[in-house]
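Colleague: Below are the structure tokens for one structure; questions will follow.
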Amino acid sequence: MMTDIQKDKLAISILLLLYSVGIAALWFRLHPDFILLTPLNLLISLAFMLWRHPQKNRDLLLFASLCYIAGFLVEMAGVQTGAIFGTYRYGEVLGPKVWGTPLMIGVNWVILVYASAASMNHWLGKKSRLLRIALAAAVMVLLDLLIEPVAVAFGFWTWEGGIIPIQNYVAWYVLAFGLIAVFYRILGDTINKVAIALLVLQFLFFGILNFSL
């Protein structure tokens with residue numbers, strides 16, 4: 001039977017391979033349809049992250065459900081009204097949509113919120129929760145700064161006039177802050193090494209691809 005350390009190493013190794021292949025394929029534009037595998041990559045990332053959660057219980061299901069629903073509904077409201085993040089429209093990369101909003105976008109919120117919060121628990125576990133929430137939300141905004149140019153270039157979504165409004169980052173911070181607070185309320189001081197590695201991989205993935213644009 002595998003130990004927890006071995007399971008962590010296995011999950012991180014597979015994720016490292018997947019993200020490395022993704023960087024290479026998108027950097028060299030190996031195939032125009034490769035980007036359409038993004039939903040599969042998100043689901044695999046989510047699966048490995050939740051697999052290595054310390055305790056598989058109703059609290060984990062509750063957090064994941066609340067985060068998914070809240071993230072999806074806010075995104076849907078944002079797409080329909082333009083009043084939250086600014087005026088934008090999703091492309092086809094993230095898969096099936098409901099009222100213009102990909103079902104997969106809720107998965108993305110679960111991954112980023114969980115990974116950011118768990119990482120702050122690891123790096124700043126002795127600090128106050130309020131500080132960890134504030135910094136985890138800031139980390140998510142920093143990541144979004146890297147995501148936006150890549151996402152637009154590869155057709156994830158488009159902005160009206162081709163300009164990413166400051167409003168988007170403010171709304172990201174507010175929503176991230178609220179969802180991370182929910183994480184701490186439900187899952188507390190959870191530390192998950194795979195989630196930490198996944199957050200680092202996200203920064204590397206989008207950071208490197210910015211140089212390919």
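The values are calculated or read from the model by the stated rules, or taken from the named source; none is laboratory data. Everything quoted here is computed from the prediction, not taken from an experiment. Neighbour counts are summed over all protein chains in view; Cβ atoms, including those assigned to glycine, are modelled from backbone coordinates with ideal geometry. Quick note on the areas: whole protein, heavy atoms, side chains included, nothing else; ligands and nucleic acids left out. Shrake-Rupley method; radii C 1.70, N 1.55, O 1.52, S 1.80 Å.
Colleague: For the range 76-142 and the range 19-35, write down the distance between their C-alpha centroids in whole Å.
Modeller: 24
Colleague: Follow-up. I need the Kirkwood Rh of the range 172-213: take the reciprocal of the average 1/r across all distinct C-alpha pairs and report it in angstrom.
Modeller: On the way: mean 1/r = 0.0820 Å⁻¹.
Kirkwood hydrodynamic radius for the range 172-213: 12.2 Å.
Colleague: Next up: Give the value in nm², to one decimal: projected area of the alpha carbon convex hull of the chain, averaged over all directions. Write out the running numbers ahead of the final one.
Modeller: Details: hull surface 47.0 nm².
Average projection, Cα convex hull of the chain: 11.7 nm².
Colleague: What whole-number value in Å² describes the accessible area per residue of the chain for a 1.4 Å probe? Write out the running numbers ahead of the final one.
Modeller: Working: 10620 Å² over 213 residues.
Spelled out: the 1.4 Å probe surface of the chain, per residue, equals 50 Å².
Colleague: Let me ask something additional. With θ taken as phi - 60° and the coefficients 6.51, -1.76 and 1.60, list the Karplus ³J(HN,Hα) couplings across the range 2-14 in order, rounded to whole Hz; mark glycine and proline as x.
Modeller: In residue order, the calculated couplings are 6, 7, 4, 5, 5, 5, 4, 4, 5, 4, 5, 5, 5 Hz.
Colleague: Between Val174 and His31, what length in nm is gained on full extension when 0.36 nm per residue of separation is reduced by their alpha carbon distance? Working shown, then result.
Modeller: On the way: separation 143, 0.36 × 143 = 51.48 nm, distance 3.68 nm.
Computed gain between Val174 and His31 is 47.8 nm.
Colleague: Please report, in whole Å, how far the alpha carbons of the range 1-51 spread along each principal axis, starting with the longest.
Modeller: Result for the range 1-51: principal-axis Cα extents of 41, 17, 13 Å.
Colleague: In a solvent-free Debye calculation with one equal scatterer on each Cα, what is log10 I(q)/I(0) for the range 78-165 at q = 0.15, 0.24, 0.26 Å⁻¹, listed in the order of the q values?
Modeller: Log10 I(q)/I(0), no solvent term: -0.66, -1.21, -1.31.
Colleague: Scan the range 126-213 for trypsin sites (Lys or Arg not before Pro) in coil per DSSP, keeping those whose Cβ has at most 15 other Cβ atoms within 10 Å, and list them by number.
Modeller: Taking the range 126-213 and a limit of 15 other Cβ atoms within 10 Å, the loop trypsin sites (Lys or Arg not before Pro) found are Lys126, Lys127.
Colleague: In nm, what is the difference between 0.36 nm times the number of residues separating Leu131 and Arg89 and their Cα-Cα distance?
Modeller: On the way: separation 42, 0.36 × 42 = 15.12 nm, distance 3.34 nm.
Stretched fully, the Leu131-Arg89 segment lengthens by 11.8 nm.
Colleague: When you take every Cα atom in the range 34-74, what is the radius of gyration, and what is Dmax, the widest Cα pair distance, in Å?
Modeller: Radius of gyration, then largest Cα-Cα span, for the range 34-74: 12.2, 36 Å.
Colleague: Okay, moving on. Along its principal axes, what span do the Cα atoms of the range 1-109 show, with the longest given first and each in whole Å?
Modeller: 51, 42, 19
Colleague: Something else: Whose amide H sits under 5 Å from the amide H of Gly91, counting only residues 5 or more places off or on another chain, with H placed in the peptide plane?
Modeller: The answer is Trp157, Thr158.
Colleague: Residue by residue, what Karplus-based ³J(HN,Hα) values in Hz, rounded to whole numbers, does the range 127-139 have, using 6.51, -1.76 and 1.60 with θ = phi - 60° and x for Gly and Pro?
Modeller: 7, 5, 5, 4, 5, 5, 4, 4, 6, 5, 5, 5, 4
Colleague: Taking the Cα centre of the range 53-157 as origin, sum charge times position over the Cβ atoms of Lys and Arg (+1) and Asp and Glu (-1), and report the length of that vector in debye to the nearest 20.
Modeller: Numbers: 8 positive and 5 negative charges, 96 e Å.
That gives a dipole near 460 debye.
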